[in-house]
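See below for the structure under consideration.
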Amino acid sequence: MPNRRFADGEVVMGRWPGSVLYYEVQVTSYNDVSHLYTVKYKDGTELELKESDIRSQSSFKHRKSQSSSSSPSRRSTSRSRSRSPGRPAKGRRRSSSQSREHKDDRKKIIQETNLAVLVLVLFKQSENNTRRYNGEPESTERNDTSCKIVEQKLKPDLEIQRVLEQYSLRPRKEEKKKEEIYSEKKIFETIKTIEKASSKTKELEFGGRIGTLMLMFLLPATVFYLLLMCRQDDPSLMNFPPPLPALESLWESRVFGIFLLWFFLQALFYLLPIGKVVEGLPLSNGRKLQYRINGFYAFVLTAAAIGTLLYFQFELHYLYDHFMQFAVSAAAFSMVLSIYLYIRSLKAPEEELAPGGNSGYFVYDFFTGHELNPRIGNFDLKYFCELRPGLIGWVVINLAMLLAEMKIHNQSMPSLSMILVNSFQLLYVVDALWNEEAVLTTMDITHDGFGFMLAFGDLVWVPFVYSLQAFYLVGHPTAISWPVAAAITILNCIGYYIFRSANSQKNSFRRNPSDPKLAYLKFIPTATGKGLLVTGWWGFVRHPNYLGDIIMALAWSLPCGFNHILPYFYVIYFICLLVHREARDEHHCKQKYGLAWERYCQRVPYRIFPYIY
């Protein structure tokens, strides 16, 4: 085994990958197998370098001393040659003036070249900071590529600087135009061009173009299949496919009008000047958007409006009777909204496009969303749809199913199963609206664009799939005893406690890590300046909030009994969704935090389920 040349903690000069530039780094560790040194740059970046890419600081100082020591002799020789006895005094003055001009030119070249190198480093750091603000990992490959492009454009200038410093050569006047250094304006234009090219989405999710095209058909088909199955007397999977209704029965103008009225009523509540205004996370250009936090007030106003309708004998179970038509209306509206969003995104500036929806492929960008924060004035379309029409509509649908059960089965009180489902899901929605500000840090807001995926998910999937248990109980009543109801309630409370306490713990630590109330929490520091919690819920599993979500989803389905698997579709879907998100989070965190994330994974080995996964 070869001996290592540099020790841990030693400060050396490390070559930046893909360039000829060396920076001061500190050796942190050495891998005996790969024979690579792990070094840390001053900006916190950690990379693995070969021994040939590392040099001692003394070698750089030695070169510098050699250059400085040899310069006087060359300068004296130059002076002796320029001061020929036969040369007149006027000629000596002209030579001195020319010398000063050349010296000034050389200083200008060196200063401008140093500015180019500085801009190169600042561009790399600003790109990393932007990705951190957006919740993205730092892409070393992407940064290296950008650095290589800029460096290739500046390489002639760097060579001029090196030759000037080492040999004190003076450029001749006739060669000045050929050796002209890039001005500050030209450097920033180059960086702007590179930044525009590097902002394209490289990694495609959901199966790329083919996968997203299939999902645009599969998602609506899944919703309609679930609703049709719930209408059957025997909603067994063996009864596939369910009888399809006539196409003309799926559309009703009155239903579509009611849906539009609901959507614009929620938009009106959103525009009311009530609730505090907060700033979101910084965008790629450093600007922060403002959001009005009044989702809970909108919920209260909606409850008052529904109460008024019930007081005047409005039959809310109309929703149950026309449930399929409402789903079709919502799907049609979400498609129209997605088309509008994509068309307007074509005129959006480059910095306003979504990091995850800027691939250049029409189908993929249409599905994932091309524009990050589409707004009409101060009306943020994505933020509005995230919590308002669909999430509050979910509660209204559940209430309509409760009233429909009472009417169809001639009950004076709703069943215990229906009460549990309504209560559990009401708690979940109220919690989301009460903690509305927390949604501003989610990937839906910071990373994903607003396209078909979120439009359909917010307006169709959430209200019509999440209410599947209540819809199922109307046609398939299930009786449960009080002890069973108590056990299910305890299970839901455990899931909610894990979900809420884990999220609160994380949000408090992010806002103020030095809070004395959080002194008991231990964390692993990272190169990004953030810490990875290794105590509390985040030291139990890596994603405790996902664990709480799954436990609650199970509690929502248990009141439906075990006669059919259909009510448990939401649990299966939720587990698959969270496992997908967890895998995506793992990939991003590994790139973002590097060695710190590997140490965290060793400290917290379980991802979602303790001792299982």
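The values are calculated or read from the model by the stated rules, or taken from the named source; none is laboratory data. Computed from a predicted structure; not experimentally measured. All Cβ positions, even for glycine, are placed from backbone atoms using ideal geometry, and neighbour counts span all protein chains on display. Note: accessible area is taken over every heavy atom of the protein model, side chains too, but ligands, DNA and RNA are not part of it. Shrake-Rupley method; radii C 1.70, N 1.55, O 1.52, S 1.80 Å.
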Qualifying positions in the range 33-57 - under 19 Å from Asn3 (Cβ atoms) and in a helix (DSSP H, G or I): Glu51, Ser52, Asp53
Can you find a residue that is surrounded by fewer than 16 Cβ atoms within 10 Å (Cβ to Cβ) and in contact with a helix residue (DSSP H, G or I) (Cβ under 8 Å, 6 or more places away or on another chain) anywhere in the range 570-578? no
Of the residues that sit in the range 491-541 and are in a helix (DSSP H, G or I) and aromatic (Phe, Trp, Tyr), which one is farthest from Ser557 (Cα to Cα)? Phe509
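Of the residues Arg581, Arg607, only one is assigned by the TED database to the domain that holds Phe499, assigned to a loop (DSSP other than H, G, I, E, B) and in contact with a helix residue (DSSP H, G or I) (Cβ under 8 Å, 6 or more places away or on another chain); which?
On the way: Arg581 fails: assigned to a loop (DSSP other than H, G, I, E, B).
One residue alone meets the criteria, Arg607.
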Might you check whether a residue that is in contact with a strand residue (DSSP E or B) (Cβ under 7 Å, 6 or more places away or on another chain) and either of a type in the set (S, T, N, Q) or not assigned by the TED database to the domain that holds Ala485 (or both) occurs anywhere in the range 586-602? no
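In the range 14-32, what count of residues is obtained for those that are touching a helix residue (DSSP H, G or I) at 6+ places or on another chain (Cβ under 6 Å) and in a strand (DSSP E or B)?
Restricting attention to the range 14-32, the residues satisfying the condition of being touching a helix residue (DSSP H, G or I) at 6+ places or on another chain (Cβ under 6 Å) are 15, 17-19.
In the following step, the residues that additionally are in a strand (DSSP E or B) were identified as 15.
Residues in the range 14-32 being touching a helix residue (DSSP H, G or I) at 6+ places or on another chain (Cβ under 6 Å) and in a strand (DSSP E or B): 1 in total.
So which helices (runs of 4 or more DSSP H) stay within the range 316-435 end to end and still have 3 or more residues that are open to solvent by less than 40 Å² (accessible area, probe 1.4 Å), within 18 Å of Val465 (Cβ to Cβ) and outside the structural domain of Trp556 (by the TED database)? Don't jump to the end; show me each part of the working.
Numbers: elements: 318-321, 323-345, 362-368, 381-387, 389-408, 416-434.
Where helices (runs of 4 or more DSSP H) fall fully within the range 316-435 and carry at least 3 residues being open to solvent by less than 40 Å² (accessible area, probe 1.4 Å), within 18 Å of Val465 (Cβ to Cβ) and outside the structural domain of Trp556 (by the TED database), they are 323-345, 381-387, 389-408, 416-434.
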For the condition more than 17 Å from Val328 (Cα to Cα) and more than 28 Å from the chain's Cα centre (by Cα), what is the one hit in Leu272, Leu213? Leu272
Can you pull out the residues in the range 247-296 that are more than 23 Å from Pro463 (Cβ to Cβ) and hydroxyl-bearing (Ser, Thr, Tyr)? Ser284
List pairs: first residue in the range 20-43 and closer than 18 Å to Ala596 by Cβ and at pLDDT below 85, second residue open to solvent by less than 60 Å² (accessible area, probe 1.4 Å) and in a strand (DSSP E or B) anywhere in the structure, Cβ distance under 9 angstrom, at least six positions apart or on different chains. Asn31/Tyr37; Asn31/Thr38; Tyr41/Gly14; Tyr41/Val25; Tyr41/Leu47; Lys42/Val25
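Hey, can you tell me all the residues within the range 232-286 that are part of a helix (DSSP H, G or I) and either touching a helix residue (DSSP H, G or I) at 6+ places or on another chain (Cβ under 7 Å) or not assigned by the TED database to the domain that holds Phe326 (or both)?
Initially, the range 232-286 is screened for residues part of a helix (DSSP H, G or I), giving 237-239, 247-250, 253-271.
Listed by number, the residues that qualify are Leu250, Val255, Phe256, Phe259, Trp262, Phe263, Gln266, Ala267, Phe269, Tyr270.
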Only one of Trp538, Trp597 is under 30 Å from Ile488 (Cα atoms) and crowded, with 17+ Cβ neighbours inside 10 Å, namely Trp538
Return the total of residues in the range 436-448 being closer than 22 Å to Glu352 by Cβ and in a helix (DSSP H, G or I). 7
Out of the residues in the range 491-513 that are of a type in the set (S, T, N, Q) and surrounded by 17 or more Cβ atoms within 10 Å (Cβ to Cβ), which is nearest to the chain's Cα centre (by Cα)? Asn503
Taking only the range 462-490 into account, find how many residues are open to solvent by 50 Å² or more (accessible area, probe 1.4 Å) and touching a Leu at 6+ places or on another chain (Cβ under 9 Å). 5
Restricting the search to the range 238-269, which residues are surrounded by 16 or more Cβ atoms within 10 Å (Cβ to Cβ) and among the polar types (S, T, N, Q)? Gln266
Among the numbered conditions (1) in contact with a Leu (Cβ under 6 Å, 6 or more places away or on another chain); (2) open to solvent by 70 Å² or more (accessible area, probe 1.4 Å); (3) touching a residue at least 60 places away in the same chain (Cβ under 8 Å), tell me where Pro559 comes up short. (2)
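Okay, residues lined up against (1) without any contact (Cβ under 8 Å) to a residue 40 or more places away in the chain; (2) under 25 Å from Tyr297 (Cα atoms):
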{"residue": "Glu252", "(1), (2)": "no, no"}
{"residue": "Phe256", "(1), (2)": "no, no"}
{"residue": "Leu260", "(1), (2)": "no, yes"}
{"residue": "Phe263", "(1), (2)": "no, yes"}
{"residue": "Ala267", "(1), (2)": "no, yes"}
{"residue": "Leu272", "(1), (2)": "yes, yes"}
{"residue": "Val278", "(1), (2)": "no, yes"}
{"residue": "Leu281", "(1), (2)": "no, yes"}
